[in-house]
Amino acid sequence: MTTTHAGILAAGVGSRLGNLTSDTPKCLVKVAGKPILQHQLEAFANADVDDVTIIGGYRSSDIADWLSANPQFRARLVTNEDYEFTNNMYSALLLRPYLGGHSFILCNGDVVFGSGIAQLIASGSKDAIAVDVGSFDEESMKVTTDDAGHIVTISKETPPDQALGRSLDLYRFGRDSGDHFFDECERIIADGLRNQWTEVALQSCFDRGLIKPRPIDSRDEQWVEIDTEDDLLHADRVFSRFDISDYDQFFIDLDGTLTLDGHLLPGAAALFSQLRSEGSSIFVVSNNSSRGSADYRDRLARLGIEVGLDEIVLSTDGLAAYLRGRGVHEVYVLGTEAMRRHLERLDIRHTTDHPAYVVVGYDTELTYQKLADACIWINHGVPYVASHPDLTCPTGRGPIPDIGSITALLEITTGVAPSKVFGKPNASTLGHLIEDPSRAVMIGDRLYTDKALADDCGIDFVCTLSGETTRNDIESLSVDDWPTLVIPSLESLLR
């Protein structure tokens with residue numbers, strides 16, 4: 001049986017990804033829930049590439065640990081100990097003891113590609129380079145061809161009118177051409193040029209007529225080169241299973257998703273317009289109990305989004321229903337005047353005379369006296385409930401205390417925890433509204449409320465990074481916990 005060989009160059013730091021690579025090698029940063037390296041190894045496995053050598057460098061031990069934890073990928077790891085002072089040409093030369101004398105595939109460890117491309121590059125025996133024909137990007141390596149269809153240049157400097165397309169940094173070498181490539185890498189490095197790209201050696205081989213690769217047209221295949229966090233977000237979209245047309249019922253979080261600091265976030269109004277025109281059902285869902293549904297309706301109307309009262313789902317709605325179900329109508333409200341008015345419309349009245357419950361909300365009008373009064377009632381055995389669990393409220397200047405901080409203070413003071421917490425992520429928040437879980441999606445900025453609610457309701461979840469959750473938070477999730485899609489803002493969902 002013929003062995004198909006491949007080499008993956010994954011020694012670099014990936015500094016353009018900022019703190020995402022501060023404690024993770026770039027090839028283990030995740031796209032759609034899986035490390036980049038896993039995407040590559042799965043694609044190679046599906047293309048019957050059965051001998052893979054990875055050149056690690058930065059945090060190479062993390063790659064070794066990942067391979068040990070994923071024994072289904074039988075890849076060899078070699079460490080470039082000089083990764084800080086060399087570039088990927090030096091790493092490529094370290095492959096020679098394993099790939100020399102063989103035909104092989106070579107790729108960089110920061111390119112996410114699907115099985116289709118891997119099968120295209122692995123299916124032939126002649127020299128080839130995968131090329132996204134017709135595409136152009138200033139930062140990418142572009143290729144040009146001669147009249148015979150052979151690639152003759154590979155460079156970032158190629159102008160648009162000369163470029164055939166972008167290289168995917170995915171190469172196939174025949175046995176002889178692979179040895180020519182390694183020879184050229186060795187010659188350049190021996191001249192003291194240890195910090196060069198593999199493309200320098202390739203171009204030298206082209207110029208000397210040693211390698212004559214043809215382009216493999218990959219324009220219809222999925223691939224993304226990962227350099228920045230924006231690239232990651234684009235790759236999430238490309239490799240996720242999300243298609244907005246699959247849904248006709250949308251539950252959209254308010255603070256941090258639709259609005260921030262009283263202003264609409266990018267794409268919010270346009271997305272509402274798009275979904276309305278398509279006949280979709282839309283609900284605005286908020287844990288923020290500092291206002292009533294009428295207040296939110298009027299506030300959104302002033303911002304250009306029209307919603308009906310029956311399309312606004314608040315944490316206080318479930319709280320009021322719970323109390324009414326127990327025959328409770330008089331409570332002490334630790335909350336805003338707007339919250340008190342909203343509860344009164346729901347037949348729950350504020351009192352300071354022997355309340356049956358203490359009700360805690362997100363109180364932006366908080367005073368010490370309110371806290372003291374609530375603690376006194378709790379000390380006397382009055383049970384208390386909270387409208388929602390949010391620890392912080394997102395703002396453009398960073399998080400500020402939300403109800404979770406208030407209930408923590410009450411619990412530390414009295415030694416008593418809330419008997420019940422409403423709002424997201426309790427499934428009862430949305431359970432009565434969901435018509436078909438397979439056609440419903442929750443869109444929000446928090447994992448512990450919005451995503452948890454979607455999970456409890458059995459619906460898909462789109463996480464927007466416009467509020468509390470950061471990309472680092474997402475990276476910590478396993479593939480099974482990964483959101484259906486990660487986006488920078490609602491603007492990404494516009495057609």
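Quick one: Ser387, Ser91, Ser438, Ser240, fewest Cβ neighbours within 10 Å first, how do they rank?
Lowest count first: Ser438, Ser240, Ser91, Ser387.
When a footprinting reagent is the concern and you count Cβ atoms within 10 Å, what order do Phe251, Phe182 take, fewest first?
Phe182, Phe251
Let's test the formula: R0 of 35 Å, r as the Cβ-Cβ distance of Ala270 and Arg341. What FRET efficiency results, to the nearest 0.05?
0.60
Rounded to the nearest 5, what is the percent of antiparallel bridges among the DSSP beta bridges in the chain?
Taking every DSSP beta bridge within the chain, about 30 percent pair in antiparallel fashion.
Name the residue farthest towards the positive end of the dipole of the chain from the options Gln72, Val382, Gly467, assuming +1 on Cβ of Lys and Arg, -1 on Cβ of Asp and Glu, about the Cα centre.
The one lying farthest along the dipole's positive direction is Val382.
Order of 170-176, 223-229 by packing, highest average Cβ count within 10 Å first? The partial results should precede the final answer.
On the way: 170-176: 21.6, 223-229: 20.0.
Output ranking for 170-176, 223-229: 170-176, 223-229.
Under 1.5 on a/c is rounded, so check that first for the range 5-239, then, if it is not, pick prolate when a/b is larger than b/c and oblate when it is not; a ≥ b ≥ c are the square roots of the alpha carbon gyration tensor eigenvalues. If you can, show how the numbers build up before the last one.
Values: a/c = 1.38, a/b = 1.20, b/c = 1.15.
It comes out rounded by the Cα gyration axes.
Excluding residues on the same chain fewer than 8 positions from Lys30, give the lysines whose Cα lies under 24 Å from its Cα.
Candidates past the 8-residue exclusion: Lys451.
Would you kindly give the portion of the calculated P(r) for the range 315-421 that falls above 18 Å, as a percent of all Cα pairs?
43 percent
To make sure I understand the rule: partners must be lysines, Cα under 29 Å from the Cα of Lys370, and not fewer than 8 residues away in the same chain. Which ones qualify?
Within reach: Lys420, Lys424.
Projecting each Cα onto the charge dipole of the range 5-239 (Lys/Arg +1, Asp/Glu -1 at the beta carbon, about the Cα centre), which of Gly209, Gly124, Met89 comes out farthest on the positive side?
Projecting each Cα onto the dipole axis, the largest value belongs to Gly124.
When the dipole is taken about the Cα centre of the range 119-215, and only Lys, Arg (+1) and Asp, Glu (-1) are charged at their Cβ, what size is it in debye, to the nearest 20? Walk me through the numbers on the way to the answer.
Values: 11 positive and 18 negative charges, 62 e Å.
Roughly 300 debye, rounded to the nearest 20.
Which of Tyr322, Tyr83 comes first, and how do the rest follow, when ranked by fewest Cβ neighbours within 10 Å? Can you show the working numbers first?
Details: Tyr322 16, Tyr83 21.
With the fewest neighbours first, Tyr322, Tyr83 line up as Tyr322, Tyr83.
Sticking with the crude label model, points 7 Å out along Cα→Cβ, report the distance from Glu186 to Glu411 in nm, one decimal please.
Simple spin-label model gives 6.6 nm for this pair.
If you take every residue apart from His354 with its C-beta less than 15 Å away from the C-beta of His354, what net charge results, scoring Lys and Arg +1 and Asp and Glu -1?
Net charge in that neighbourhood comes out at -2.
What's the FRET efficiency of Arg326 with Ala294 using the Cβ-Cβ distance as r and R₀ = 30 Å, to the nearest 0.05?
About 0.70, to the nearest 0.05.
Pull up all non-local amide H partners of Leu391: gap of 5 or more, or a different chain, and H-to-H distance under 5 Å with H placed in the peptide plane.
Gly404
With both partners inside the range 315-421, how many of the DSSP beta bridges are antiparallel, as a percent to the nearest 5? Intermediate values should be presented prior to the final figure.
On the way: 2 of 13 bridges.
Percent antiparallel among DSSP bridges in the range 315-421 is about 15.
List the aspartates and glutamates whose alpha-carbon lies under 19 Å from that of Lys212, not counting same-chain residues fewer than 8 positions away?
Asp127, Asp132, Asp146, Asp147, Asp169, Asp176, Asp179, Asp183, Glu184, Glu199
Can you compute the charge dipole magnitude of the range 315-421 about its Cα centre, using +1 on each Lys and Arg Cβ and -1 on each Asp and Glu Cβ, nothing else charged? Give it in debye, rounded to the nearest 20. Present the calculation step by step, with values, prior to reporting the outcome.
Details: 9 positive and 12 negative charges, 32 e Å.
Roughly 160 debye for the range 315-421.
Could you tell me how far the Cα centroid of the range 1-34 sits from the Cα centroid of the range 43-100, in Å?
10 Å
Could you work out how much longer the chain between Phe136 and Arg208 gets when fully extended? Use 0.36 nm per residue separation minus the Cα distance between them, nm to one decimal.
So the extension gain works out to 23.3 nm.
Taking K and R as +1 and D and E as -1, what net charge do the other residues with C-beta under 9 Å from the C-beta of Phe173 add up to?
-1
Which net charge results when you count Lys and Arg as +1 and Asp and Glu as -1 among the other residues whose beta-carbon is under 14 Å from that of Ala269?
With Lys, Arg at +1 and Asp, Glu at -1, the neighbours total +1.
Bins of 20 Å, beginning at zero and ending with the bin holding the largest distance: percent of Cα pairs per bin for the chain, please.
All Cα pairs, binned at 20 Å, distribute as 21, 41, 26, 12, 1 percent.
Looking only at Cα atoms, what is the convex hull volume of the range 134-251 per residue, in Å³? Display every interim value, and only then the final one.
On the way: hull volume 17.5 nm³, N = 118.
Spelled out: Cα convex hull of the range 134-251, divided by residues, is 148 Å³.
Please report, largest first and rounded to whole Å, the three semi-axes of the ellipsoid equivalent to the range 1-129, where each semi-axis is the square root of five times an eigenvalue of the C-alpha gyration tensor.
23, 17, 13
Amide H neighbours of Ser103 under 5 Å, counting only residues 5+ apart in sequence or on other chains, H built in-plane at 1.01 Å?
Result for Ser103 returns Arg175.
Within 10 Å, count the other beta carbons around each residue, average over each peptide in 443-451, 417-425, 14-22, and list them highest first.
443-451, 417-425, 14-22
Against the globular-protein guess of 2.2 N^0.38 Å, express the Cα radius of gyration of the range 227-348 as a ratio, rounded to two decimals.
Here the answer is 1.30, to two decimals.
Can you work out the FRET efficiency for the pair Arg76 and Thr144, with r the C-beta to C-beta distance and R0 = 30 Å, to the nearest 0.05?
Computed FRET efficiency for Arg76 and Thr144 comes out at 0.30.
A short reminder: the numbers here are calculations on the coordinates, not readings from a lab. In this text, all values refer to a predicted model and were calculated from it rather than measured experimentally. Cβ: placed from backbone, ideal geometry, glycine included. Neighbour counts: every protein chain shown.
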